[in-house]
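Student: Input: one structure, supplied below.
Rule-based calculations on the coordinates, nothing more; no lab input. This is a predicted model, so every value here is computed, not measured. Positions of Cβ are generated from backbone atoms using ideal geometry, with glycine treated the same way; all protein chains shown enter the neighbour counts.
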Amino acid sequence: MSRSLRVADYIAQRCAEAGARHVFLVTGGGAMHLNDAFGRHPQLTPVCFHHEQAAAMAAEAHYRTARRLAVLNVTTGPGGVNALNGVYGAYVDSIAMLVVSGQVKRETYLRNFPQPLRQLGDQEVDIVSMARPVCKYATTLQDPQAVRQVMDRALFLATSGRPGPVWIDVPVDVQSTQIDPEQLPGWNEDDRQALLDDPGLCPNTRAWLAQPPRRQFAAELETLTAALAAARRPVLMAGTGVRLAGMQEAFIALCDKLGVPVVTGWNAHDSLTDDHPAYAGRPGTVGDRAGNFAVQNADLLIVLGCRLNIRQVSYNWRSFAASARKFMVDIDAAELDKPTLSIEHKIHADLADFIPAWLARLEAYAPPAAHTDYLRWCRERVARYPVVDATQRTSDRPLNPYHFIELLFAGLDRNAVVVTGNGSACVMGFQAARLQAGQRLFTNSGDASMGYDLPAAIGACIARDRQPVICLAGDGSLMMNLQELQTLVGYRLPVKVIVLNNAGYHSIRQTQAAYFQDNMFGIGPDDGVSLPDFVALAGALGIPARRVDSADSWQAAETSALLAGPGPALIEVVVDPAQAFSPKLASRKLPDGSMSTPALDDMSPFLERAELAANRLDG
């Protein structure tokens, strides 16, 4: 005999069956049956936050860390609206997430009526119309009997192809409706036409379903392998798609087999350790000189799972690897065709299929001498142009931020996870970190929102079964989700919050100094953006805290004890706000107001023209 249950309980059960173990949420009346169902399910653990944006960011980081689907549960109106920023970050960074929101009763749901009202139900908002552009799939479940079909499609789409968030909006009267699970119609994954007819799909998802990645690419592999053999200066570039495809180990085997210079794209630096013999740097607008020299001198560039966004190729994208024959492998065909790229060989494939197939094709391959010579040249540039040099390793107070990043990573365990916010924490952190095997370093790249650091570190910590996580946050960024310090306290999570105190919004300070020097404001305590005493604030919440401003105070026993202790801790690191991002690509403002951007290898502070020319290989 079948058992009747609420729609909300069915949704919770399907989440558990899909592998979810945590539900990140802020409770609310519009989601009351969903809240109750998630809280009752024996395989699901609710994690409560003080803001829905933070809950969404935590769910996003949970998937990054564990590759396990996380559930976000929010209420109607402000609950869903607050979550959008974190969900958008998951969408552009290809992170799977299931969002289940509460909605008003169907009898007061405005979309069911013709009148052009602004609102009908209490706290009502048309969240699906807002969410659909930043979700693979977004729909309102108005028919309780359709819940299985909707869950089938949502769970399939979240993790299939290019991962991303899906959103199911559930009216409160539907949440409580009793259903018989055995009588529910479902959806078969082979019935792609029915899915294509679903209005809940976003355009990118619809395009992927209409043109899925190829599973066979023998001809492309022959062309690529022949191009590799003919090249004198090949470079392999890895993006976040390598890890998202579960191909990290296979990628390292590929690097070992090819014997060519390997560079890592933005937010994918933990794909390859600094001590790997093929490591050749981190190219991009705020990358390093060595990585950009490697790419700009290449005659063959092979891009695996990196969408080559503007931060990677710059606004002068026409000069990106201009002399190279380019092969790009991506699971999203739209990324291969975007107007900021010129790719000769576009391979629409899942790296989970492509990398093993290429490794098999390369079984008898041995790198030619020219590749070894170019790898040696690139490795020499890594040694010659370090991000952190002797001028930054001083005992001066305040501490140089690049020197601090060097000290931080030198003392981390081999399995450390470091989550950063946007701004100085990720730019300087990504440039200067020396990464070891097993370590993770990430932020949200596409959204690049301030305030990501703390909630994402919480999500990563939960994904690691409460193992310690380093949260590297700028003082301005931390303020955006400061309330989640109390979440650390409430759950006693061993997140070690390291606050870079550089007196406010350092990225914007540099922009204003470069282009609006006579009108600098909204960047720090002297011009409108006040900041608290973070150590005192942490103390008020019961978080052990300490302030350091030198290498000696960072390396002191008291600091080490805070980092090693149980539960949360906060260390405020006072760093020199005079230290700009270095190196970086610097645009010039022309008399007509337009901006001119140099090629990626011509980074600020600018090298002598003769030295730059010596690093540009001919032919």
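Student: Full extension from Ser530 to Asp518: what is 0.36 nm times the residue separation minus their Cα-Cα distance, to one decimal in nm?
Tutor: Net length gain for the segment: 2.3 nm.
Student: Right, something else. Roughly speaking, what % of Cα-Cα pairs in region 401-574 are separated by over 20 Å, rounded to a whole number?
Tutor: Pairs farther apart than 20 Å: 50 percent.
Student: According to a simple spin-label model (label point 7 Å from Cα along Cα-to-Cβ), what is the distance in nm between Gln115 and Glu608?
Tutor: Label-label distance for Glu608 and Gln115, simple model: 7.8 nm.
Student: Oh, and also: So, in Å, what gap is there between the alpha-carbon centers of region 376-439 and region 14-58?
Tutor: Centre-to-centre (Cα) distance: 37 Å.
Student: Please give, to one decimal in nm, the separation of the simple spin-label points placed at Glu17 and Asp143, each 7 Å out from Cα toward the Cβ.
Tutor: 2.0
Student: Quick one: dipole size for the chain, taken about the Cα centre, charges +1 on Lys/Arg Cβ and -1 on Asp/Glu Cβ, in debye to the nearest 20.
Tutor: For this selection, approximately 660 debye.
Student: Any lysines with Cα under 28 Å of the Lys105 Cα? List them, leaving off those in the same chain fewer than 8 positions away.
Tutor: Lys136
Student: Please list 20-27, 297-304, 585-592 highest first by mean number of surrounding beta-carbon atoms within 10 Å per residue.
Tutor: 297-304, 20-27, 585-592
Student: At a Förster radius of 25 Å, what calculated FRET efficiency corresponds to the Cβ-Cβ distance of Arg68 and Leu359, to the nearest 0.05?
Tutor: 0.40
Student: By the gyration tensor of its Cα atoms, with a ≥ b ≥ c the square roots of the eigenvalues, what is the shape of region 516-619: rounded for a/c under 1.5, prolate for a/b over b/c, or oblate?
Tutor: It comes out oblate by the Cα gyration axes.
Student: Continuing with this model, one more query. If one computes P(r) from the Cα atoms of region 20-94, what percent of pairs lie at distances over 16 Å?
Tutor: Result for the distance tail: 44 percent.
Student: So how far apart, in nm, are the two label points at Asp122 and Ala383 if each is 7 Å from Cα heading toward Cβ?
Tutor: Placing both labels 7 Å beyond Cα along the Cβ direction yields 7.2 nm.
Student: Normalised by the residues of region 5-210, what does the relative contact order come to in percent, with Cα pairs under 8 Å and at least six apart?
Tutor: Once divided by the residue count of region 5-210, the mean separation gives 23 percent.
Student: Further, regarding this structure: Only residues of region 259-275 count here: report those whose backbone N is under 13 Å from the spot 7 Å along Cα→Cβ of Ala437, or say none.
Tutor: Backbone N within reach: 272-275.
Student: Using alpha carbons only, how many degrees (0 to 90, rounded to 10) separate the axis of helix 78-92 from the longest principal axis of the chain?
Tutor: Orientation of helix 78-92: about 40 degrees from the principal axis.
Student: To continue, here is another question. Please report, in cubic angstrom per residue, the volume enclosed by the convex hull of the alpha-carbon atoms of region 218-384.
Tutor: Looking at region 218-384, the number lands at 97 Å³ per residue.
Student: Given bins 10 angstrom wide, list per bin the percent of all Cα-Cα distances in the chain, short to long.
Tutor: Final binned percentages: 3, 16, 25, 25, 19, 9, 2, 0, 0.
Student: Kindly work out what percent of the DSSP beta bridges joining two residues of the chain are antiparallel, to the nearest 5.
Tutor: If we restrict to bridges inside the chain, about 10 percent are antiparallel.
Student: When ranked by the protection proxy of mean other Cβ atoms within 10 Å per residue, highest first, what sequence do the peptides 282-289, 111-118, 397-404, 126-133 form?
Tutor: Order by mean packing, descending: 282-289, 397-404, 126-133, 111-118.
Student: The chain: longest stretch without exposed GluC sites (Glu not before Pro) (DSSP loop, at most 13 other Cβ within 10 Å), sites themselves excluded?
Tutor: Longest site-free region, per DSSP loop and neighbour criteria: 364-607.
Student: Determine the calculated [θ] at 222 nm for the chain from helices alone, applying -39500 (n - 2.57) to every DSSP H run no shorter than 4 residues and normalising by the residue count; nearest 500 deg cm²/dmol.
Tutor: That comes out to -10500 deg cm²/dmol.
Student: Under 15 Å from a label point 7 Å along Cα→Cβ of Thr391: give me every residue in region 584-615 with its amide N that close.
Tutor: Once the point is set 7 Å along Cα→Cβ of Thr391, 584, 603-609 turn out to lie under 15 Å by backbone N, inside region 584-615.
Student: Give me the distance between the Cα centres of region 142-221 and region 258-330, rounded to whole Å.
Tutor: Answer, in whole Å: 35.
Student: Using DSSP to call loops (not H, G, I, E or B), can you name the trypsin sites (Lys or Arg not before Pro) in region 120-220 whose Cβ has at most 10 other Cβ atoms within 10 angstrom?
Tutor: Here the trypsin sites (Lys or Arg not before Pro) that fit, given the DSSP loop and packing criteria, are Arg215.
Student: In terms of Cα to Cα distance under 20 Å, which aspartates and glutamates are near enough to Lys338, apart from those fewer than 8 places away along the same chain?
Tutor: By straight Cα distance, Lys338 reaches Asp93, Asp330, Asp350, Asp447.
Student: Lys257 to Ser323: FRET efficiency via 1/(1 + (r/R0)^6), r the Cβ-Cβ distance, R0 22 Å, to the nearest 0.05?
Tutor: Efficiency at R0 = 22 Å is approximately 0.30.
Student: When only C-alpha pairs under 8 Å and at least 6 residues apart count, what is the relative contact order of the chain, in percent?
Tutor: Computed value for the chain: 12 percent relative contact order.
Student: What is the helix-to-structure angle for 351-361, meaning the angle in degrees between its Cα long axis and the longest Cα principal axis of the chain, kept from 0 to 90 and rounded to the nearest 10?
Tutor: Here the helix axis deviates by roughly 50 degrees.
Student: Further, regarding this structure: First check a/c for region 1-143, with a ≥ b ≥ c the square roots of the eigenvalues of its C-alpha gyration tensor; if it is under 1.5, answer rounded, and if not, answer prolate when a/b is larger than b/c or oblate otherwise.
Tutor: Since a/c reaches 1.5 but b/c is at least a/b, the shape of region 1-143 is classed as oblate.
Student: Which whole-angstrom value gives the distance between the alpha carbon centres of region 509-530 and region 90-140?
Tutor: 38
Student: Remind me, relative contact order of region 550-619 in percent, using alpha carbon pairs under 8 angstrom and six or more residues apart?
Tutor: Here the relative contact order equals 19 percent.
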